[in-house]
């Protein structure tokens, strides 16, 4: 992946963390096609201009990993014409997590004691391991849906486009043979 460079971001107004997974080189020397696999934060507050930019990709599927409460808070996806929404709800590992609770319920001066000595790393590793264990089925369904002939171009997202969507992007790239 050394020579891969993500193209400059579009000028989205309300869609954050947008990435095109295309351009990565696979183990056998091929490249992942650009404009076919996209990831972002939620589309609940997408402006008309944002929807128009997304429409230029010819999206067929938008995979939404948010929960019902996420959607109530952030808004339902605003999709371009021709795109269908596929809901695969997964709880956000950051919401309600012990790490967030510890940070908000303790004074700042106590945080080094709580997170020092390798404890923060151990908490993050445990959280990541739980993410994989607890979300096997939704990720498997996502891959099966994504593999269908009529699925791409596709965009997948969660709230911020980093945890749930980040794991999904990693799994997709690994399954395509990107080291």
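Every read-out reported here was derived from the displayed coordinates using simple, explicitly stated rules and does not represent laboratory data. Model, not experiment: these values are computed from the prediction. Cβ placement follows ideal geometry from the backbone for every residue including glycine, while neighbour counts extend to all protein chains displayed.
Here are a few things to note about the model shown:
- For segment 151-179, backbone nitrogen atoms closer than 16 Å to the point 7 Å from residue 34 Cα along Cα-to-C-beta are found at no residue.
- With neighbour counts taken as other beta-carbon atoms within 10 Å, the residues 123, 103 rank, fewest first, as 103, 123.
- Three principal axis lengths of segment 24-82 [C-alpha, angstrom, descending]: 44, 24, 16
- Which labelled figure in (i) -0.44, -0.63, -1.28; (ii) -0.57, -0.76, -1.32; (iii) -0.60, -0.71, -1.15 is log10 I(q)/I(0) by the Debye sum over Cα atoms at q = 0.10, 0.12, 0.19 Å⁻¹, once derived from the coordinates: (i)
- Angle between the chain longest axis and helix 136-146 axis [Cα atoms, degrees, rounded to 10]: 20 degrees
- Each residue in 104, 67, 26 was given a count of other beta-carbon atoms within 10 angstrom of its own, and listing them fewest first yields 104, 26, 67.
- Going from the residue with the fewest nearby Cβ atoms within 10 Å to the one with the most, 77, 150 rank 150, 77.
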